1. If you fit an axis through the alpha-carbon atoms of helix 162-173 and take the longest principal axis of the Cα set of the chain, what angle between them do you get, 0 to 90°, nearest 10?
2. Of Ser362, Ala48, Gln309, which is farthest on the positive side of the dipole of the chain, counting Cα position, with +1 on Lys and Arg Cβ, -1 on Asp and Glu Cβ, and the Cα centre as origin?
3. What percent do you get for the relative contact order of the stretch 138-410 when only Cα pairs under 8 Å and 6+ apart count?
4. Let me know the longest stretch in the chain that avoids all trypsin sites (Lys or Arg not before Pro) found in a DSSP loop with at most 11 other C-beta atoms within 10 Å.
5. Taking only the alpha-carbon positions of the stretch 42-126 and ignoring solvent, what does the Debye formula give for the base-10 log of I(q)/I(0) at q = 0.13, 0.15, 0.17, 0.27 Å⁻¹?
6. So what's the convex hull volume per residue for the Cα atoms of the stretch 347-411, in Å³?
7. Quick one: if the Förster radius is 51 Å, what FRET efficiency do Asp171 and Glu65 give, using the C-beta to C-beta distance and rounding to 0.05?
8. List the aspartates and glutamates whose Cα sits under 13 Å from the Cα of Lys247, skipping any in the same chain fewer than 8 residues away.
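Nothing in this text is a laboratory measurement; each read-out follows from the coordinates by a stated rule. Model, not experiment: these values are computed from the prediction. Please note: Cβ atoms are built from the backbone with ideal geometry, for glycine as well, and neighbour counts cover all protein chains shown.
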Amino acid sequence: MKRNDLKKYVRLVLFTALFTGFAACSDDDITPPVTPPAAINEIKGVEAQYGTDRCKIQTVEPVIEGFTNGTFTWTMSNTALNIKDSVVSQTKDLQFLALETGDYLFTLTAKSGSIEKKAETKITVSKEATEYSAYIATVFDYLPAVGQFVNELPSCEDGDTKETIRKKAEDAIKGPNSSMIHLGGFGGYVTFGFDHTIVNVPGKRDFRVKGNAFWSAANPNPEAPGRGGNCEPGIIMVAYDKNGNGKPDDDEWYEIAGSEYNKPATIKNYEITYYKPQNETEEATDEYIMWEDNQGNSGYKAKNMFHRQSYYPSWITEDKITFKGTLLPNNAIDESGQGSYWVLYAYDWGYADNAPNSDDESAIDISWAVDKNGNKVHLPGIDFVKVYTGVNQEAGWLGEVSTEVAGAEDLHLLGKSIPTRN
């Protein structure tokens, strides 16, 4: 072979080898570079020290770089209270609320795989400059359903509006020297708030909604099923002012799941509509104000001989009003069998106007709160309370079962807190 031909042959062989090597190396054979798992590079946004008043929320919002999946744990220590490394939260943001003054030391532990980072801070809780009231400070809304004390508790006069009636309700139940307002039949409600956040103290009942419940003096039934008398249970809703706007927003409400919450006879998402009477009458009648519900039932609210005024809220111009909520089973029984002695039986726990104000079962634990799906929630405390009548029943000459509210109180500030139920 000539020399020039040899050079051409060598170049051809080299080119073919290179081409074959590249062609054999397909995309499937290329191994992508391995990306190391995300790591917690640094915890930012946690100051060395914070300060707040007691019964006021202090929020700490850390910023954690490079963190995608993992866990957060906040632990708290307080030497004066003999607390050491108690787990207080397992969310990234800390919302701390304390009843007692002093220095609280916190450690945030963030874990992602084998990576762990910590941050520490101190929250100093001080006594408020102006002493808090243990009682209702504001009534935000009031709308009774139909009932025998509507337009009387509080009194409605010509020219009254929803706002003037709200103010009358507020004047009645705010402060330590409260009187009473009437919520009427199922769904009638009042919404109120305090000048501070009521602390959710672990293992304790936190507040009480006062009513006018009392026990029977002499029940004619010797085999009575439980404690009873004048017990008109109201559902209690609670809200924590998470966004700090000072208003009870719709998305902040949770129901206190009392003793009847999970029982088959309790109806969730109940709805009832009352129709304004076309011809108002002062005469007693069993067919006074018509109602219909979303369970296919209908009936009338009666007018009795003791209260002759209109039972429909006079300041409401609409020809019907609708209420929604949780319906409790009927609790009124004619124990005489002749309509002369009605007993309204108390449920075990967790309701307003369900037991005398001096009874332990009128006290409420915030930890009983559940969300709209019935899941337990942990609230650091509450700022607002809504109470509505939970029963739709007529009790003969006694009239409709209707919750009354005679104020509310923070049991911790009064030194009256008692242990919760197990």
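1. The angle comes out at about 80 degrees.
2. Ala48
3. Relative CO of the stretch 138-410 lands at 34 percent.
4. 128-371
5. Calculated log10 I(q)/I(0) at the listed q: -0.40, -0.52, -0.66, -1.44.
6. Output value, Cα hull per residue: 122 Å³.
7. 0.45
8. Counting by Cα, and skipping residues close in sequence, Lys247 has these aspartates and glutamates nearby: Asp141, Asp195, Asp383.
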